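Data block below; observations after.
The values are calculated or read from the model by the stated rules, or taken from the named source; none is laboratory data. Model, not experiment: these values are computed from the prediction. Neighbour counts run over all protein chains shown; Cβ positions are idealised from the backbone, glycine included. The protein model used for the area step is the full one, side chains on, heavy atoms only, and it has no ligands, DNA or RNA in it. Shrake-Rupley method; radii C 1.70, N 1.55, O 1.52, S 1.80 Å.
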Amino acid sequence: MEPENNTKILEFLLLGFSKEPELQPLIFGLFLSMYLITVFGNLFIILATISDSHLHTPMYFFLSNLSFVDICFTSTTIPKMLANIQTQSKVITYAGCISQMYFFVLFAVLDSFLLSVMAYDRFVAICHPLRYTIIMNPWLCMLLVLFSWVMCVLTSLLHSLMTLQLSFCTHVEIAHFFCELNEVVHLACSNTFLNDMVMYLASVLLGGGPLTGILYSYYKIVSSIHAISSAQGKYKAFSTCASHLSVVSLFYCTSLGVYFSTADDKNSHPSIAASVMYTVVTPMLNPFIYSLRNKDIKRALRRLTGKETIK
């Protein structure tokens, strides 16, 4: 019974990136800048999509959902890290850690699902253009997003409830800048075998499954592109594929690499660096890669900022 009592009052220590005091202002400034770029960049995409009726299509509907999720994704971890640097504290409460872990898993998996849905949308648009409006009807789009949310909420809830069953016998240090699931689980003094199995299985099914769908969609897209006679059309399609696949590769390689890394690895810096890539860098780059190279989005942003009037 004693471990349970300790668990209720437990506080974790987030060690962050560096123990050197002189590096803290640099880290604070860097991540605050990246966070602001991420929030405002994705917020502009959402507002532009909502305000311009020309963007009320499945592709931009999924894009606005991805932008919203990216804002929530980074907001789960970065503000707490910035607050800890500002107050020179590394403490996060037990309840705060579990909550952060819940929302982190939720939005990380949801990112994966939305990337897969967007790939499917492009597959239908390129491989079945004449049936696109029939297949990608508003009902199916809403259903795909709703299904993604339900699956991610249930997955995150499962991980959180299983973590709540673990016992933590003393104050523990997390060698990370947020309560990362793998790190927290392996700090428990109780048996974590079941947690490990569920965690790895979820990574394979909910990470590898959408990735397989993305790769298959783009395989079919590339096959269809070969049939396009226009060189300009081929270039545009290949450019879109390359942009999407670059973000997919960055997101999946770093995120799955973290979860499949050995728990006993004493050098946490590679894991932290990989986490930064898919929790901070990728959401920050998404507005540029998916939107700012798009003429429709550029026009909507100009209208939103008053630099262009609606004709």
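Here are a few things to note about the model shown:
- Cβ-defined net charge surrounding N42, 14 Å radius [Lys, Arg +1; Asp, Glu -1]: -2
- Calculated SAXS-style log₁₀ I(q)/I(0) at q = 0.23 Å⁻¹ - the stretch 92-182, Debye, Cα scatterers: -1.10
- Protein-only accessible surface order, largest first, of C179, C253, C127 at 1.4 Å: C253, C127, C179
- Note that the chain presents 51 Å² accessible area per residue, ligands and nucleic acids not counted, probe 1.4 Å.
- Positive-end residue of G96, G29, Y235, charge dipole of the chain with Cβ unit charges: Y235
- When a 1.4 Å probe is rolled over the protein heavy atoms, the share of accessible surface on the chain that falls to carbon and sulfur comes to 68 percent.
- Here the stretch 88-239 was treated as a single set of alpha-carbon atoms; its pair distances binned every 10 Å from 0 give 10, 31, 24, 17, 12, 5, 0 percent.
- What separates the Cα centres of the stretch 136-202 and the stretch 11-65 is a distance of 22 Å.
- Given their separation in residues at 0.36 nm each and the Cα-Cα distance between them, M142 and L13 gain 42.4 nm when the chain is fully extended.
- Electrostatic bookkeeping for S224 treats Lys and Arg as +1 and Asp and Glu as -1; over the other residues with beta carbon under 12 Å from its beta carbon, the sum is +3.
- About its Cα centre, the dipole of the stretch 107-244 is roughly 840 debye, where the only charges are +1 on Lys and Arg Cβ and -1 on Asp and Glu Cβ.
- Cα→Cβ-extended label distance, 7 Å offset, between L43 and A227, nm: 4.5 nm
- 14 Å beta-carbon shell around F104, net charge (K/R +1, D/E -1): -3
- S64, S156, ranked by accessible area, largest first (probe 1.4 Å): S64, S156
- Each residue was assigned an accessible area with a 1.4 Å probe, and for M151 the value is about 60 Å².
- Ratio of the Cα radius of gyration of the stretch 33-163 to 2.2 N^0.38 Å, where N counts its residues: 1.25
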